[in-house]
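Enquirer: Shown below is the structure under consideration.
The values are calculated or read from the model by the stated rules, or taken from the named source; none is laboratory data. Note that the coordinates shown come from a computational prediction; the quantities given were computed from them, not determined experimentally. Because the Cβ atoms are built from the backbone with ideal geometry, glycine has one as well, and the counts that use them run over all protein chains shown. Ligands, DNA and RNA are excluded from the accessible area calculation, which covers all protein heavy atoms including side chains. Shrake-Rupley method; radii C 1.70, N 1.55, O 1.52, S 1.80 Å.
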Amino acid sequence: MTDAAEPSPAPVRGLVIRSTGSWYDVRTDDGETVRARLRGRFRLDAIEIDETNPLAVGDRVVLTMGDDEAGMITAIEPRENQLSRRAPGKRGAVREHVIVANVDRAWCVQSTFGPKVNPGFVDRFLVAAETRHIPAGLVLNKADLLEGNERAQEAMAFWQELYEGLGYPVLLTSVVTGRGLEAFRAALADAVSVVSGPSGVGKSSLLNAIEPGLGLRTSEIGEKTQKGRHTTTFATLHQAGGGWVADTPGIREFGLWDMAPQELGGYFVEFQPFLPDCRFPDCTHAHEPGCAVQAAVDEDEITPERYGSYLAMLETVEESHRLSTEARWRTLGRPDDPDEPVEEIE
């Protein structure tokens, strides 16, 4: 008589809190953190849908535990949403990089100086959040550097008024003086938030300030370039401010993913009231006659700063859309002439 086979280990559910590309840290529902790998079939699925990685921080997963105390992720639960950008590199135009999944709030962090506010980055970030219906806001950090500089104060007041007027909350913060830290901490409570921005704006310093003992690495700004050095290597979920916060690697460019040019205007919130009045339903609001958005710009109902940002964004969206369309044609053939060759992307 042989012994009965040992029962399979019970499945464990948890939250992905760190991704290094091949291994994942998962916080299980009973509060333990385990290292886990991903079954190969999920990676094949990611290639099929042009994702750089099938799993992101914020994903809810099911895993089984092995004898080596490492887990094997066997299922990924459906996402409520995800914040994505175009993947970097030559294939970036046709590949999606998911930054974080299942987000309650997305915060774009900029600094008053060193580096200065990049409105193009802010607007790309806000559009990316709008495409997934993720509430977003803006943090203007290093507010202490405004002291004694009237012109800089006026500039920050302009950006604060502009974005608050569009419905986005704006917080001015300073780790040095403590300004705005309590408001930022309250905004993170009981939520899964993503904090993103270029290197050097002080994302990690902010999180260290609102969650003593977190111990995230920080670095100084390069004197010549006025750009930050990357201190966050992998996207990670931290417990901070009474919630979960994704501290993302510094992103120099927030490239939009998988968008047709005529869709872009719908994600600029101040454009939306005017869109039904455009003469053409596929208006790109750049050159078409009878464009209600252009008329609104002329009437100062849309700021020239945001409209200029839109036009710059439209160029990159048009190029990305062209490259992704050609990539699909190479796989599926042209709709009008499947046998016609398509020029390769260099």
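Enquirer: Could you list, in sequence order, the residues of the stretch 17-31 that are without any contact (Cβ under 8 Å) to a residue 60 or more places away in the chain, part of a strand (DSSP E or B) and of a type in the set (A, V, I, L, M, F, W, C)?
Expert: V26
Enquirer: Sticking with this one: Looking at the stretch 129-146, can you tell me whether even one residue there is touching a helix residue (DSSP H, G or I) at 6+ places or on another chain (Cβ under 9 Å), surrounded by fewer than 20 Cβ atoms within 10 Å (Cβ to Cβ) and basic (K, R)?
Expert: No.
Enquirer: Go through the residues of the stretch 103-119 one by one and say whether even a single one is aliphatic (A, V, I, L, M), open to solvent by less than 10 Å² (accessible area, probe 1.4 Å) and without any contact (Cβ under 8 Å) to a residue 60 or more places away in the chain.
Expert: Scanning the stretch 103-119 turns up no residue that is aliphatic (A, V, I, L, M), open to solvent by less than 10 Å² (accessible area, probe 1.4 Å) and without any contact (Cβ under 8 Å) to a residue 60 or more places away in the chain.
Enquirer: For the stretch 157-183, what are the residues that are buried (at least 22 other Cβ atoms within 10 Å of the Cβ) and under 17 Å from P135 (Cα atoms)?
Expert: Y163
Enquirer: If you don't mind, another one. Is the stretch 82-104 home to any residue that is closer than 24 Å to A191 by Cβ, modelled with pLDDT under 95 and out of contact with any strand residue (DSSP E or B) (no Cβ under 7 Å at 6 or more places or on another chain)?
Expert: No, because not a single residue in the stretch 82-104 is closer than 24 Å to A191 by Cβ, modelled with pLDDT under 95 and out of contact with any strand residue (DSSP E or B) (no Cβ under 7 Å at 6 or more places or on another chain).
Enquirer: Turning to a different aspect of this structure: Please go through the stretch 187-197 and give me each residue that is surrounded by 21 or more Cβ atoms within 10 Å (Cβ to Cβ) and either part of a loop (DSSP other than H, G, I, E, B) or among the acidic types (D, E) (or both), ordered by number.
Expert: G197
Enquirer: Ok, one more. Starting from the stretch 158-186, take each residue that is part of a helix (DSSP H, G or I) and list its partners that are hydroxyl-bearing (S, T, Y) and open to solvent by 20 Å² or more (accessible area, probe 1.4 Å), counting only C-beta distances under 8 angstrom and pairs at least six apart or across chains.
Expert: Every condition considered, the pairs that remain are L162/T303.
Enquirer: Identify, please: which residue in the stretch 293-311 is in a helix (DSSP H, G or I) and among the acidic types (D, E) and is, among those, farthest from E161 (Cα to Cα)?
Expert: The selected residue is D298.
Enquirer: Within the stretch 15-55, count every residue that is modelled with pLDDT of 80 or more and farther than 16 Å from V100 by Cβ.
Expert: Of the residues in the stretch 15-55, 12 are modelled with pLDDT of 80 or more and farther than 16 Å from V100 by Cβ.
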